[in-house]
Structure formats: structure tokens, C-alpha cells
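A short worksheet on the structure shown next.
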């Protein structure tokens, strides 16, 4: 009986820890919307994203600047958060659109 109670307690603890580190895409989208907005200078957006721990490719040739950062979760695989900063068509030094993409996580099993 003691082993069953211990195993159930351990299982409950693992489930509780796993629930604390789930991907909340809605919260991420809101966070990104508060951090960078369309119409702001691309240089300012890059400063803000880097201050939040993102690595951004600051290519001047392309129309999209990709920013990523790792999102580590306890007892699960690591994930990557990605935000695409799309340059304005009429003003290339401004952000025209901000895309917070779905957080991607590596699979544990195939």
C-alpha cells in the first residue's frame, strides 16, 4: 500500500511540474504585441527583441527579420519561440507587420 501511495504522489508531482511549463501561445502573442508594434523603427524593434533575449538576423537585403529564442521547459523537450518582423513595403526602415509564430518543440518520441 505504501508503494502505491508513493507512486501516485510522485506521478502527481510530475504532472504538476509539467503543467507549469506548457506553451501558452495566447500569452506569447500578447507579450510580443506589447514588445514590438507595426510602425516602429526596425532598429528600435531589434533593440527591444534582443533585450528580451531574442537573437535576430539583421539582414538588410531581405524583407523579413527572423528573431528566435529558446523556451526551456522542465521535464520536457526544449522549444523555440519565433517572431518575424516584416519590413514595411513603403518604408523599409519601419516594421510593417509582426508575426508571432507558433512555438515549436522537439519531439521526445517519434
Among the residues of the stretch 61-75, which ones are modelled with pLDDT of 80 or more and out of contact with any helix residue (DSSP H, G or I) (no Cβ under 8 Å at 6 or more places or on another chain)?
62, 63, 64, 66, 68, 69, 70, 71
Please tell me if residue 32 is surrounded by 16 or more Cβ atoms within 10 Å (Cβ to Cβ), assigned to a strand (DSSP E or B) and at pLDDT 70 or above.
no
Taking residue 7 as the residue in question, decide whether it is assigned to a helix (DSSP H, G or I) and at pLDDT 50 or above.
no
Run down 58, 41 and say which single residue is more than 22 Å from residue 26 (Cα to Cα), in contact with a strand residue (DSSP E or B) (Cβ under 8 Å, 6 or more places away or on another chain), surrounded by fewer than 16 Cβ atoms within 10 Å (Cβ to Cβ) and modelled with pLDDT of 95 or more.
41
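The values are calculated or read from the model by the stated rules, or taken from the named source; none is laboratory data. Please read these numbers as outputs of a predicted model, since none were measured by experiment. Methodologically, a virtual Cβ is constructed for each residue, glycine included, from the backbone with ideal geometry; neighbour enumeration extends over all protein chains shown.
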